[in-house]
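The values are calculated or read from the model by the stated rules, or taken from the named source; none is laboratory data. Keep in mind that this is a model prediction, so the values were computed, not measured. Methodologically, a virtual Cβ is constructed for each residue, glycine included, from the backbone with ideal geometry; neighbour enumeration extends over all protein chains shown. Protein only, heavy atoms only, side chains kept; ligands, DNA and RNA dropped before computing areas. Shrake-Rupley method; radii C 1.70, N 1.55, O 1.52, S 1.80 Å.
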Amino acid sequence: MNDILQQIRRIQDKLQLLQKQNQQLQKDQERLVFQLQSYQEKDRLQQHRLEELERQIEVLKLSRPQMDETDKQALEKRINQYLKEIDKCLALLNT
């Protein structure tokens, strides 16, 4: 009978230990989820900043008095893309 009580006690001790470990793991998971969200937000802000800087580079390139051939082609391509988008918008408005 005493052996059974000891086994029950050991099982209860192990169960308590597992419950504590589970609680700690849940806290760790919450912390990691928060950290992930923080990193994702930072990444989103960095992406936005990168896009902003790329636009500024484009503006600076286009504002130079002399453009080389590749810049001219890039400008023409961009203008053509804008014209296509405008045509699509006009087509949608006419329907």
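Summary table below
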quantity: Estimated FRET transfer efficiency (Arg44, Gln23; beta-carbon r; R0 41 Å; 0.05); calculated: 0.80
quantity: Total lysine pairs whose alpha carbons fall under 23 Å of each other in the chain (8 or more apart, or interchain); calculated: 7
quantity: Probe 1.4 Å, all protein chains present, accessible-area order of Ser63, Ser38, largest first; calculated: Ser63, Ser38
quantity: Heavy atoms of Leu25 accessible to a 1.4 Å probe, total area in Å² rounded to 10; calculated: 110
quantity: Whole-number Å³ per residue for the convex hull built on Cα positions in the stretch 1-64; calculated: 44
quantity: GNM top mover of Arg55, Arg78, Arg44 - the chain, alpha-carbon springs below 10 Å; calculated: Arg78
quantity: Nearest 10 degrees, 0 to 90: helix 69-94 Cα axis against the chain principal axis; calculated: 80
quantity: Highest-MSF residue in the chain out of Leu15, Leu60, Leu36 [GNM, Cα springs under 10 Å]; calculated: Leu15
quantity: Choice from Glu58, Glu76, Glu85 with maximal GNM fluctuation in the chain (Cα, 10 Å cutoff); calculated: Glu85
quantity: On Cα atoms only, tilt of 2-63 relative to the major axis of the chain in degrees; calculated: 10
